[in-house]
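The structure appears below as structure tokens.
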Amino acid sequence: RVCTPILWELEYKVSIIVLKNNFTLEGLIDNKVSQVRLGNSSYKENIISIKKVFEANDYGALYVTMFDVNLMVLIAKALSSRNIPVIIREANTLSTELTSFSWLKRLFFITLIRVFYRHADHIIAVSAGVAKDLIKYFRVRPNLVSVILNPVQVASIVREQYPKVKPNIVAIGRLEKQKDFSTLLRAFQIVRGEINIELQVLGEGSLGEELSMLAKQLGIEEYVTFRGRVDNVYDFLSTADVFVLSSIYEGCPNSLLEALACGANVVSTDCPSGPREILDNG
């Protein structure tokens with residue numbers, strides 16, 4: 001939404017390639033953007049399909065994000081006879097993200113990243129920490145990487161005063177290990193012992209039931225609300241007394257940028273990478 005109007009003014013046609021058919025883009029993209037749906041389930045099928053897309057379309061360039069998709073596209077490019085420029089975006093601190101994998105899977109991906117990332121025409125790192133990580137651990141050439149932090153459309157944020165009943169803490173993110181909401185719940189239990197305050201968690205994920213059980217075990221379930229996916233996080237951030245980011249690792253957390261844009265007070269882990277840069281060393 002940010003870049004496509006500029007591309008249209010330059011008379012570029014914009015297409016988006018969707019790997020999974022069960023993912024809806026309704027309401028998220030302009031109807032001027034064409035969609036190519038591959039509907040595959042395996043890496044091998046995706047690589048073959050992406051190779052066919054390369055060879056059947058006269059694209060000026062491909063922009064890709066998420067390291068596993070980056071790899072699929074770069075491998076497809078290597079197998080294709082077409083030399084379409086590929087710009088990849090790295091959204092997380094990869095060396096930390098890969099520690100959650102088994103040693104064999106980690107070695108597999110480290111090898112693939114070192115071999116194929118160097119064949120990208122350019123790499124966008126979402127923070128200086130992510131860029132340093134790519135250069136140090138994955139042997140990416142420094143001149144191949146540019147740092148571009150995630151954008152927030154500050155002007156579009158409606159700064160209204162929403163009514164609130166009690167002081168509250170807001171956290172946003174997928175309910176997955178990376179976001180470390182279990183530590184946040186334990187910290188909130190301590191704070192709750194001192195202050196009459198509530199916690200609102202926005203997001204959904206595989207750990208939803210586990211986190212709800214933990215809140216119950218800690219005796220704070222009455223004061224914690226898991227709201228799932230919400231359409232407008234600004235409604236919550238604009239009334240938050242504190243926004244908390246409890247992540248183990250990040251790239252350039254959008255929720256942190258949005259909280260600052262809404263004028264919220266921020267508490268964040270000093271995780272690799274992004275928060276220290278965004279918060280100007282605290």
Looking at segment 1-100, what helices (runs of 4 or more DSSP H) fall wholly within it and have at least 1 residues that are basic (K, R) and modelled with pLDDT of 90 or more? 43-56, 67-79
If you scan segment 249-282, which residues turn out to be in contact with a Cys (Cβ under 6 Å, 6 or more places away or on another chain) and not charged (D, E, K, R)? Y249, G274
Residues of segment 47-75 being in contact with a helix residue (DSSP H, G or I) (Cβ under 8 Å, 6 or more places away or on another chain) and among the basic types (K, R), in sequence order, are K51
Counting just the residues of segment 26-43 that are among the hydroxyl-bearing types (S, T, Y) and open to solvent by 80 Å² or more (accessible area, probe 1.4 Å), which one comes out farthest from I84 (Cα to Cα)? S41
Of the residues that make up segment 193-200, is at least one part of a loop (DSSP other than H, G, I, E, B) and free of Cβ contacts under 8 Å to residues at least 12 places away in the same chain? yes
Matching residues in segment 107-142 (open to solvent by less than 60 Å² (accessible area, probe 1.4 Å) and hydroxyl-bearing (S, T, Y)) number 2
Of everything in segment 165-180, what is free of Cβ contacts under 8 Å to residues at least 60 places away in the same chain, open to solvent by 60 Å² or more (accessible area, probe 1.4 Å) and either of a type in the set (D, E, K, R) or in contact with a Ser or Thr (Cβ under 6 Å, 6 or more places away or on another chain) (or both)? Give them in sequence order. K166, R174
L279 without any contact (Cβ under 8 Å) to a residue 60 or more places away in the chain and out of contact with any Gly (no Cβ under 6 Å at 6 or more places or on another chain): yes
Failed condition for L104, given (1) surrounded by fewer than 18 Cβ atoms within 10 Å (Cβ to Cβ); (2) outside any helix (DSSP H, G or I): (2)
The number of residues in segment 207-242 that are at pLDDT 95 or above, assigned to a loop (DSSP other than H, G, I, E, B) and farther than 18 Å from K166 by Cα is 3
Would you please name the residue that is most open to solvent (accessible area, probe 1.4 Å), looking only at residues in segment 243-255 that are modelled with pLDDT of 95 or more and not in a loop (DSSP other than H, G, I, E, B)? V244
Check off (1) of a type in the set (K, R); (2) touching a helix residue (DSSP H, G or I) at 6+ places or on another chain (Cβ under 7 Å); (3) touching a residue at least 12 places away in the same chain (Cβ under 8 Å) for R106 and give me the number that stays unchecked. (3)
Scope segment 44-66; condition within 25 Å of the chain's Cα centre (by Cα) and either open to solvent by 20 Å² or more (accessible area, probe 1.4 Å) or under 14 Å from D121 (Cβ atoms) (or both); matching residues: K44, E45, I47, S49, A61, L62, Y63, V64, T65, M66
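The values are calculated or read from the model by the stated rules, or taken from the named source; none is laboratory data. This structure is a prediction, so every number in the text was calculated from the model and none was measured. Cβ atoms come from the backbone with ideal geometry, glycine included; neighbour counts cover every protein chain shown. Surface areas here come from the heavy atoms of the whole protein model, side chains and all, with no ligands, DNA or RNA. Shrake-Rupley method; radii C 1.70, N 1.55, O 1.52, S 1.80 Å.
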